[in-house]
1. Just for strands (runs of 3 or more DSSP E) wholly inside the stretch B:164-254: which have at least 1 residues that are at the interface with chain A (Cβ under 10 Å from one of its Cβ atoms) and open to solvent by less than 10 Å² (accessible area, probe 1.4 Å)?
2. Can you confirm whether the stretch A:61-81 contains a residue that is under 15 Å from the mean Cα position of the chain (by Cα), at pLDDT 95 or above and away from chain B (no Cβ under 14 Å)?
3. Do you know which of the residues in the stretch C:1-31 that are within 20 Å of residue C:97 (Cα to Cα) and among the hydrophobic types (A, V, I, L, M, F, W, C) is surrounded by the fewest Cβ atoms within 10 Å (Cβ to Cβ)?
4. Would you confirm whether or not the stretch C:84-91 contains a residue that is over 15 Å from the mean Cα position of the chain (by Cα), closer than 30 Å to residue A:193 by Cα, hydroxyl-bearing (Ser, Thr, Tyr) and outside any strand (DSSP E or B)?
5. Taking the stretch A:100-116 on its own, how many of its residues are open to solvent by less than 50 Å² (accessible area, probe 1.4 Å) and without any contact (Cβ under 8 Å) to a residue 40 or more places away in the chain?
6. Just to be sure, is residue A:110 within 13 Å of chain B (Cβ to nearest Cβ) and out of contact with any Lys or Arg (no Cβ under 9 Å at 6 or more places or on another chain)?
Amino acid sequence: MLELRLVQGGLLKKVLESVKDLVNEANFDCSAIGFSLQAMDSSHVALVSLLLRSEGFDHYRCDRSVSMGMNLGNMARMLRCAGNDDIVTLKADDGGDTITFMFESPSQDKIADFEMKLMDIDSEHLGVPDTEYQSIVRMPSVEFARICRDLSSIGDTVVISVTKEGVKFSTRGDIGTANLVCRQSTSVDKPEDATIIEMNESVSLTFALRYMNSFTKATPLANQVTISLSSDLPGVVEYKIAEMGYVRFYLAPKLEEEEENETYATNRPPQAETKPLVEPKTKLESKSEMEIVSVEEVDNVETGKAKPKLEMAVVPVEDIDFVESKVEGEPKSDVANSSVEEIDAEEVKPKVEDKAEDEVMDVER
Amino acid sequence: MLELRLVQGGLLKKVLESVKDLVNEANFDCSAIGFSLQAMDSSHVALVSLLLRSEGFDHYRCDRSVSMGMNLGNMARMLRCAGNDDIVTLKADDGGDTITFMFESPSQDKIADFEMKLMDIDSEHLGVPDTEYQSIVRMPSVEFARICRDLSSIGDTVVISVTKEGVKFSTRGDIGTANLVCRQSTSVDKPEDATIIEMNESVSLTFALRYMNSFTKATPLANQVTISLSSDLPGVVEYKIAEMGYVRFYLAPKLEEEEENETYATNRPPQAETKPLVEPKTKLESKSEMEIVSVEEVDNVETGKAKPKLEMAVVPVEDIDFVESKVEGEPKSDVANSSVEEIDAEEVKPKVEDKAEDEVMDVER
Amino acid sequence: MLELRLVQGGLLKKVLESVKDLVNEANFDCSAIGFSLQAMDSSHVALVSLLLRSEGFDHYRCDRSVSMGMNLGNMARMLRCAGNDDIVTLKADDGGDTITFMFESPSQDKIADFEMKLMDIDSEHLGVPDTEYQSIVRMPSVEFARICRDLSSIGDTVVISVTKEGVKFSTRGDIGTANLVCRQSTSVDKPEDATIIEMNESVSLTFALRYMNSFTKATPLANQVTISLSSDLPGVVEYKIAEMGYVRFYLAPKLEEEEENETYATNRPPQAETKPLVEPKTKLESKSEMEIVSVEEVDNVETGKAKPKLEMAVVPVEDIDFVESKVEGEPKSDVANSSVEEIDAEEVKPKVEDKAEDEVMDVER
């Protein structure tokens, strides 16, 4: 028996709107810890990790940990039928194949039940390592969304460079180039307007703007966004959900080509294109799938290439990237979900994980 | 000579916007009683009945009753050129083939004349019987519009069931099912927020959401909507126009298939599909045309099937459904329009009409 | 070295939005006088003339007069990335092939540089004669935009007729006709709501609504619009830019066909279609190109047709229409720009220009 009640039901609408375009179908995991989701986008370049902690709900009953496969588009369609002030309750019976969304108007005069069929979805739970990032930028989420949108009118990729002066967003396209610098600003009237840069080491990474723009659909969830960057690691764009948890988006950086290198990434040594270590089980079908594989630094480490920044910031090789955990197969079966990550980017600290995982992430299935 | 002046000209804009998508072309009838329109939609499933009483106009001159054929889309295009605060005057000469819409800005600094050609439109005036409905629901029009829109994201039809507890709107589609219950609520701060249920008998009818959504375009006309339902009669969705009249939409219910019956309509006895008694003059071209015919209960009564609810609520057979009156042919000719219905749903009472009509409605022409 | 700083940067965004749909590519001229643009639309029916005077900028440095070819769509895309409160600075090096738009947020926390490549664009600078117009109408810009939009829902052209009573806008289309009269109104509370008509002679001209609607994209620039009309001269639609200059749109009137003449232009003598005097260098490709040629009254004057109004209002033949000046060829070369017109419609007075131009406008290139 599952029964999760959230008085502030509008929140759940915003959560779904923020992830539904990136991920079509995914398993929601419900355990004593909370209601969570982890899924890659269809091109396997980005990973979404969502956590709504059990304490954040007004009523939380989850007798047994359960994984429920849902079509996120359909779920969003149903949640859109909830009023912004409605109380939303999620209900599911043990072993049932449906989930019910109940919407109650504040006056209790209108009550709606939406019942959705669950799906069988193959899932592999990827362990996201807890690591210290070279640079962490916190800034107004609206500002970040505006920057991503603006740069998209000029180019396809953004180079995010963090230095002591501030964070620089750059792009280039057929019609010209654009550089946007946001300076650290802590002494603002409202905390949500602050831009705060924690820099251990300067870093410069290139990302596809298409994904960044998709992530910014989570802007209504939080006033501030946190961008965590380390060379050769997926970047993390995090929106905290007040008193409940977070939505985190992980995005593999693009390999900078030599030409781009010359222009933007002047504060980094030239770098050869990394090759995927792990051979995909099946033939790679799209270029974008290769991108996520390319962030696995195993290759470079093994070939002995100097990776000073990597060694400083990161921990055992197996933990550098998304690592496949054992959760697979049977959806809707009960799953001990204690492995759900609970990293809080606000307290990022070096942490060596010594549990060795069997298998490095394999993006094919 | 026709001259109708309405200081609150924005009202006429709203009226046209509410009906133009349902009916392309129709005859407006102008008589001493008022300015009215009655027309079926192109698929003959829904009927619109509009009345703006002469007393509601700031100036009303209609020397002779007249019927004027207009393209409602074009009329709406012209009315859209009126400011919301403009005074609108309709003018037509006796025997002329145009109508003029005059818009005066409140300051009288801007005056516009839009002249539109009239059309010859074949019309048959359908008598709508004054009957007592089994259930009448009054609720906020915005709420009803929201419900129809929400359910449309799940399914194609809505089952409206009225019980003592409240009114239930249900649908089902590929992605799941939805049930919305609105409870009676009379003790609200504002009368326009009330939901009031007058139930003589519980009723459950199925309607196409496509039409319901079209009707809700009249939402800006009134804070409340009245839904009147009786088994085997067209449902009525009425928006009152303050101090002037109403827009009423009549919609033939869909025959519930057995499968649907089992799921939703549990408080009704199973019911065979009714067949049209009257043979259409020409071959039926679309399934939807059959739907309107199917609400004529003549067949069932003659075949002796038990119809307890029907017999209680309704009067002579000829009056059960829309009945064709004698008005036909010559549009723009003067027509004694005393037969325009003036039913006011607020004073619904049993009323036996003893004038026998010659011919039961024939939807073909 | 060019450096133009405008604290009120949102203004530049509005300017670009107002012209970018009419003109794809054009040369901006920068001199001691100001930052200006003059360009015809691609069909050579309309001419845009923009002036931002140097005094209006917060900082204005222009070492040498320069002409810079830009794609206006791309320029607008870059300017859209500026916040409405941002300070905008335009920078270009002498002889460089790029221009930089710098956007500074009011708090100086965010600074953006957008660099755009310049283009080589063939240009001919058309001299616009300073003339006295038969009628000048000043009215709220929002009102004018609304009228053009409303009439577009009925017809394709607008006849603008100025008489002592007011200004009349008329159109006709398949669904009917429309006439809108705006009366002179000077005693209004707010000056920006006034409609002021200066009429030396009544005038009635026909214009394509498509262009008028395009001009009204400048509405956000000014509360009032000035429409200057003379028979057989291009009409002028002007939006003043507070303390800086103006955007002016010149539009060749359409030749009224006999049929139209009968209906609308009853206060003008019938008039034969004028033929272009100057043979285009290359074959005319579109009907619209002929329209601009047709406003050259040279033909009629030479053939001796009576043109009373023309003779009264206008000056030497060479000045009647846009006259090609000597500026041509090398874009991005320095050009003495003293010939930029500085007509201020507020001080329209008879003025005989005695400088003879070599060559009457040739719309082909």
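1. In the stretch B:164-254, the matching strands (runs of 3 or more DSSP E) lie at B:166-173, B:176-183.
2. no
3. C:1
4. No, the stretch C:84-91 contains no residue that is over 15 Å from the mean Cα position of the chain (by Cα), closer than 30 Å to residue A:193 by Cα, hydroxyl-bearing (Ser, Thr, Tyr) and outside any strand (DSSP E or B).
5. Qualifying residue count for the region: 10.
6. Spelling it out, it is not the case that residue A:110 is within 13 Å of chain B (Cβ to nearest Cβ) and out of contact with any Lys or Arg (no Cβ under 9 Å at 6 or more places or on another chain).
Here is a yes/no grid of residues against (1) of a type outside the set (S, T, N, Q); (2) over 18 Å from residue A:240 (Cα atoms); (3) touching a residue at least 60 places away in the same chain (Cβ under 8 Å):
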| position | (1), (2), (3) |
| --- | --- |
| A:4 | yes, yes, yes |
| A:19 | yes, no, yes |
| A:33 | yes, no, yes |
| A:37 | yes, no, no |
| A:45 | yes, yes, yes |
| A:69 | yes, yes, yes |
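Residue-by-condition table, conditions (1) over 17 Å from residue C:76 (Cβ atoms); (2) of a type in the set (Val, Ile, Thr):
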residue	(1), (2)
C:19	no, yes
C:23	no, yes
C:26	no, no
C:32	yes, no
C:42	no, no
C:48	no, yes
C:51	yes, no
C:56	yes, no
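The values are calculated or read from the model by the stated rules, or taken from the named source; none is laboratory data. Note that this is a predicted model, so its numbers are computed, not measured. Don't worry about glycine lacking a Cβ; one is built from the backbone with ideal geometry, like all the others, and counts go over all protein chains shown. Heads up: the accessible areas ignore ligands, DNA and RNA and are worked out on the full protein's heavy atoms, side chains in. Shrake-Rupley method; radii C 1.70, N 1.55, O 1.52, S 1.80 Å.
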